[in-house]
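Undergrad: Before anything else, here's the structure in question.
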Amino acid sequence: MTGRGRREDWRKLDEADVRIRPGRGTRPRSKLRPEHADARAAMVVEVDRGRWTCALDSDPGREVVAMRARELGRTPIVVGDLVDLVGDTSGRPDTLARVVRVADRSSVLRRTADDNDPYERVLVANAEQLMIVCSLADPPPRTGFIDRCLVAAFTGGLTPVLCLTKSDLASPDELLTGYADLNLPIVVTRHDAEPESLKESLGHKVSALVGHSGVGKSTLVNKLVPDADRATGVVSAVGKGRHTSTTAIALPLPGGGWVVDTPGIRSFGLAHVQPDDIVAAFPEFVEAAEECPSNCGHRGPPEDPDCMLDVVTAAGDATAGRLASVRRLLVSRAGLDEYQD
């Protein structure tokens, strides 16, 4: 057939003869999602390379390994999250369930890598307490780190508890005096005795443990949970510990409750925290803070000469020591302390 003949054949075609194959992604997607009415409730106890170990009904004896369902996309799931599972929840070897829902979190422990990093990292979800582990010697206590952990607890909805270790090497009195105005629950332990008071504080609660490497956190965990077998390390000659915990894991306490052992942390960034978030944790200062000028850092003169928090102490509604403690936390949040090793 000549070229002219082919052109004449094309002229005889109409729209009924043309079939256009739709490209990828043009098919409308349904917004309907399965309800998963038969889903099982569970708590995430460990995360490892795209697999989540979950305790059905928060029962440590019924662990299931799960993957994240496609409909969740890239929804972050961390230790402590309460989730719903479908699929094979028998927990037998080589079985895999699916996480189809993540419940709203009642609290979050989060940090940034440093004060200039805008990316928040959620370490633990739904913990009731933040146990800040600090050694009294070998290595010496770092109050800047403690202050930053307190900020993270107050702004994340956790109750902070200060746990002082190695009291057989140094007295805790000076450190206790420094934090007296914050009315913190404080537990003091020593290497040569069982941590009975700590066990009482942790019982029947979900608690996250955080601390510098070398402060004795893993040693405490091994005493609290004899089957934990967490690795322990030694402190170097320059007073720094080596990381022994590399991932967060929730461990069941023999008497009930969970303790979440987090990796040893060298720095605790607070780029996500605003000054008002800290003041909100202290009810006696909230109303006065609302009268402060815009962008007030609440640190008082000379940085914030018109800050109204001083009015609260002048009226006798709070002690000067309490205000000084709050402002120390604000200074820590601003990155003006030595909080890194």
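The values are calculated or read from the model by the stated rules, or taken from the named source; none is laboratory data. In this text, all values refer to a predicted model and were calculated from it rather than measured experimentally. All Cβ positions, glycine included, derive from the backbone under ideal geometry; neighbour counts span all protein chains shown. Please note that ligands, DNA and RNA were not included when accessible areas were found on the heavy atoms of the full protein model with its side chains. Shrake-Rupley method; radii C 1.70, N 1.55, O 1.52, S 1.80 Å.
Undergrad: So for region 144-160 (the condition being farther than 20 Å from Leu329 by Cβ and modelled with pLDDT under 95), does at least one residue qualify?
TA: no
Undergrad: Hey, Ala180 hits all of (1) over 19 Å from Asp261 (Cβ atoms); (2) touching a Pro at 6+ places or on another chain (Cβ under 6 Å) but one; which does it fall short on?
TA: (2)
Undergrad: Residues being outside any strand (DSSP E or B) and surrounded by fewer than 23 Cβ atoms within 10 Å (Cβ to Cβ): count how many of those fall in region 88-127.
TA: Counting residues in region 88-127 that are outside any strand (DSSP E or B) and surrounded by fewer than 23 Cβ atoms within 10 Å (Cβ to Cβ) gives 22.
Undergrad: Ok, one more. Examine region 228-249 for a residue that is at pLDDT 90 or above, open to solvent by less than 20 Å² (accessible area, probe 1.4 Å) and either closer than 21 Å to Leu150 by Cα or among the small types (Gly, Ala, Ser) (or both), and state whether such a residue exists.
TA: no
Undergrad: Within region 220-227, identify whether any single residue is touching a residue at least 12 places away in the same chain (Cβ under 8 Å), surrounded by fewer than 22 Cβ atoms within 10 Å (Cβ to Cβ), within 24 Å of Asn126 (Cβ to Cβ) and touching a Gly at 6+ places or on another chain (Cβ under 8 Å), and answer yes or no.
TA: No, region 220-227 contains no residue that is touching a residue at least 12 places away in the same chain (Cβ under 8 Å), surrounded by fewer than 22 Cβ atoms within 10 Å (Cβ to Cβ), within 24 Å of Asn126 (Cβ to Cβ) and touching a Gly at 6+ places or on another chain (Cβ under 8 Å).
Undergrad: Also: List every residue pair whose Cβ atoms sit under 7 Å apart, with the two residues 6 or more apart in sequence or on different chains, where the first one lies in region 299-318 and is under 16 Å from Phe282 (Cα atoms) and the second, anywhere, is among the polar types (S, T, N, Q).
TA: Between residues of region 299-318 that are under 16 Å from Phe282 (Cα atoms) and residues that are among the polar types (S, T, N, Q), the close pairs are Thr313/Thr319.
Undergrad: Can I ask one more? Output the number of the condition that Val79 fails; it satisfies all remaining conditions of (1) assigned to a loop (DSSP other than H, G, I, E, B); (2) surrounded by fewer than 22 Cβ atoms within 10 Å (Cβ to Cβ).
TA: (2)
Undergrad: So, Leu323, is that one open to solvent by less than 40 Å² (accessible area, probe 1.4 Å), assigned to a helix (DSSP H, G or I) and more than 29 Å from Leu198 (Cβ to Cβ) or not?
TA: yes
Undergrad: Residue by residue through region 259-271, note down the ones that are over 19 Å from Pro141 (Cα atoms) and either open to solvent by 20 Å² or more (accessible area, probe 1.4 Å) or modelled with pLDDT under 80 (or both).
TA: Ala271
Undergrad: Under 26 Å from Gly257 (Cα atoms), outside any loop (DSSP other than H, G, I, E, B) and touching a helix residue (DSSP H, G or I) at 6+ places or on another chain (Cβ under 9 Å): which single residue out of Leu130, Leu85 fits that description?
TA: One residue alone meets the criteria, Leu130.
Undergrad: I would also like to ask the following. Can you say whether Asp138 is part of a loop (DSSP other than H, G, I, E, B) and of a type in the set (D, E, K, R), as far as the supplied structure shows?
TA: Against the criterion (part of a loop (DSSP other than H, G, I, E, B) and of a type in the set (D, E, K, R)), Asp138 qualifies.
Undergrad: Could you check, for region 175-183, whether at least one of its residues is over 24 Å from Leu323 (Cα atoms) and either touching a residue at least 24 places away in the same chain (Cβ under 8 Å) or not basic (Lys, Arg) (or both)?
TA: So far as region 175-183 goes, no, none of its residues is over 24 Å from Leu323 (Cα atoms) and either touching a residue at least 24 places away in the same chain (Cβ under 8 Å) or not basic (Lys, Arg) (or both).
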